[in-house]
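Data block below; observations after.
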């Protein structure tokens, strides 16, 4: 029983990290109509950069947030500018970002090899730290990722509902041409949003780097977890994505405890199939911006 | 004779000629490597053509090729090696199971009302990974140990192993291309093109969209699984990582984007070019950078050539012929390369580069060269594939 409770708690916390990985994809799909498969590679690339800088310069890995987040914001801005220039539509975005994904993944494979990499306890004191409530462990990296995911999901929700920029994003998502007619610079909105989405991916990468081992195939393994979360959460709906992340995380956590870690992808996929069968319009649609 | 009958006779002639390649190889003692190169090419022609039946014709983007192929590989692996079935009995089951996997996916996803195409694409992306976990988990399928398929007995009338594998891949590739061709010029094909252009309108005009999409997806999955079943023998040692990875979908997408997704010939041309190039890259020891080059090509081609090189080759057929045979003749006569495949690779690269010249620049060049003669205007419409009766 305690094992199961631990599985649920770990699942909730892992769900925060999953949500953090999913929010960027959800935003760019919902608001920009670009399904950016390269996001999976961005998350891992950011994790590898954190790993490399920490190991090379022997500094605190959490400080790397100050490096990778602005760096990947810039990457997101450049990618979106490129998409504008090349007139990438929804269909082409799949091919182009898939190509980008392959390039980035091969790059990681060439630079860091296919071996498992981790920062190691000497430099990364966070990984082993955890505290207990009633015999249930809360591991620090997962807990931190969950809190950050909560802040970002809540923050994005506030931005979308309370600010002019949020209104502009929703207008662009609904009808870019009409938004332009009303004086919204849809290109600038898109570029900023893409930068934010990519920066969130980089942030997820930091928590990957301090929480677990990395290997290039990891990016492929995320497809099966992140995509159900994005669909369940509703496109562009950051709070929904967080809820969906927790649901998927708990399901994966319980199934790992009961049937071993290999069963987790099967369970998450089953949830996706059931959700598509019974709620074809998405689990939470009320606040979706698409 | 109708044009369809003529084309089918053409297929038969090519097939019979190619079926005797092993005999020619033996008689003239060409290196055995050429046979292996050829049936690798057949494998990719079949995979790309079957993928194109769904994605090229109907516009529903699928990353699921690797999953369907993997189901085929594992069906033959489990039934023949572990259960002791004969190969010829297991092969249809491989196709059938893969086809059912596809139909199941379609049944779930095609019912979704919004964003069907996007959700379909991402579900097919996820399914290979899910099947990989299933195979790792189940000791009946794999259990993480892998399956040795070397030494699997093949029917004796097909010849010894390499010859038999050659003829089997040729047969499946031929079936795939013929199916792709027949669908292309049929009511089903026109319906699929209509779905690609505008699904709600097609639905409104009476195209049974759900049924057509299911048939296309089923055909794609079945043919991919059939070739997967044949390929299980060629792999020798079947492992989850080797089978359910991103390679198969990546290559079929690249081949079809390069060749063109609107015509049944596009993926065939694309597969021939890409197989030749990757073979040369690998033999030059560039296997590591291979994937980076492939990814880069995919990005560039997706943005640069919307209709694929095949349509342009037909439009600029004279240039294509001159470039291809010119370069091929030059490299052969001068004996620049050690291998005949390298000569072909150079000729193909030269042709593709010429075809990549944008239409606008091309028209400009043509005007410069033909200033004195009247320029024969060719309309775009005649080169595009038919989209309806």
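Every number in this text was worked out from the coordinates using simple rules, so none of it is lab data. Keep in mind the model is a prediction, meaning the values are calculated, not measured. Cβ placement follows ideal geometry from the backbone for every residue including glycine, while neighbour counts extend to all protein chains displayed.
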Study note, to complete from the structure: With Cα coordinates, the longest principal axis of chain A makes an angle with the long axis of helix A:264-278, in degrees rounded to 10, of 40
Exercise for review: Please identify which residues in the stretch A:65-103 have an amide N closer than 18 Å to a label point set 7 Å out from the Cα of residue A:125, following the Cα→Cβ vector.
Suggested key: A:65
Review point. With contacts defined as alpha carbon pairs under 8 Å and 6 or more residues apart, what's the relative contact order of the stretch B:218-311 in percent?
Key: 29
Review point. Per residue of B:249-257, how many C-beta atoms from partner chains lie within 10 Å of its own C-beta, taken as a mean?
Key: 2
Check your understanding: Rounded to the nearest 500 deg cm²/dmol, what is the calculated helix-only ellipticity per residue at 222 nm for the protein assembly as shown, with -39500 (n - 2.57) per DSSP H run of length n ≥ 4?
Key -> -24500 deg cm²/dmol
Exercise for review: Determine which residues of the stretch A:29-65 fall in the zone a paramagnetic label at residue A:175 would reach in this model, i.e. backbone nitrogen under 17 Å from the point 7 Å along Cα→Cβ.
Suggested key: none
Review point. To the nearest Å, what is the center-to-center distance of the stretch B:1-55 and the stretch B:102-160, using C-alpha atoms only?
Key: 26
Point to revise | Inverse of mean 1/r across different Cα pairs in chain A, Kirkwood, Å | key: 19.3
Exercise for review: Please say if the stretch B:1-110 is rounded, prolate or oblate, where rounded means a/c under 1.5 for a ≥ b ≥ c the square roots of the C-alpha gyration tensor eigenvalues, and otherwise the choice is prolate for a/b larger than b/c and oblate otherwise?
Suggested key: oblate
Review point. Relative contact order, percent, of chain A when contacts are C-alpha pairs under 8 Å separated by at least 6 residues?
Key: 38
Review point. Which distance in Å, rounded to a whole number, links the C-alpha centroids of the stretch A:113-182 and the stretch B:245-294?
Key: 37
Study note, to complete from the structure: Least to most buried among B:338, A:175, B:343, by other C-beta atoms within 10 Å and fewest first, runs B:338, A:175, B:343
Exercise for review: Could you tell me whether chain B comes out rounded, prolate or oblate from its Cα gyration tensor? Rule is a ≥ b ≥ c as square roots of the eigenvalues, rounded for a/c under 1.5, then prolate if a/b exceeds b/c, otherwise oblate.
Suggested key: oblate
Exercise for review: Calculate the spin-label point distance for residue B:27 paired with residue B:282, positioning each point 7 Å from the Cα along the beta-carbon direction, and give it in nanometres.
Suggested key: 2.9
Review point. Expressed as a rounded percentage, what relative contact order does the stretch B:254-375 have, with Cα pairs under 8 Å and six or more residues apart?
Key: 25
Practice item. Treating the angle as unsigned and between 0 and 90°, give the value, to the nearest 10°, between the Cα long axis of helix A:238-259 and the longest Cα principal axis of chain A. Key: 30
Review point. According to a simple spin-label model (label point 7 Å from Cα along Cα-to-Cβ), what is the distance in nm between residue B:211 and residue A:6?
Key: 5.7
Practice item. Let me see the pair-distance distribution of the stretch B:172-318: every alpha carbon pair, 10 Å bin width, integer percents in order. Key: 10, 31, 37, 18, 4, 0
**Study point:** Neighbour-count order for A:37, A:4, fewest beta carbons within 10 angstrom listed first
**Key:** A:4, A:37
Study note, to complete from the structure: So, for the Cα atoms of the stretch B:254-375, Rg and Dmax in Å stand at 15.5, 51
Study note, to complete from the structure: Two pseudo-spin positions, 7 Å from Cα along C-beta at residue B:187 and at residue A:109, lie apart in nanometres by 4.6
**Study point:** For the stretch A:203-247 versus the stretch A:48-98, the gap between their alpha-carbon centres in whole angstrom
**Key:** 16
Revision key, fill the gap. By Cβ neighbour count within 10 Å, fewest first, B:81, B:238 rank B:81, B:238
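What shape does the protein assembly as shown have by the C-alpha gyration tensor, where a ≥ b ≥ c are the square roots of the eigenvalues, rounded means a/c under 1.5, and otherwise prolate means a/b greater than b/c and oblate the rest?
prolate
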Check your understanding: Along the principal axes of its C-alpha atoms, what lengths does the stretch A:63-164 span, in descending order and rounded to whole Å?
Key -> 55, 45, 25
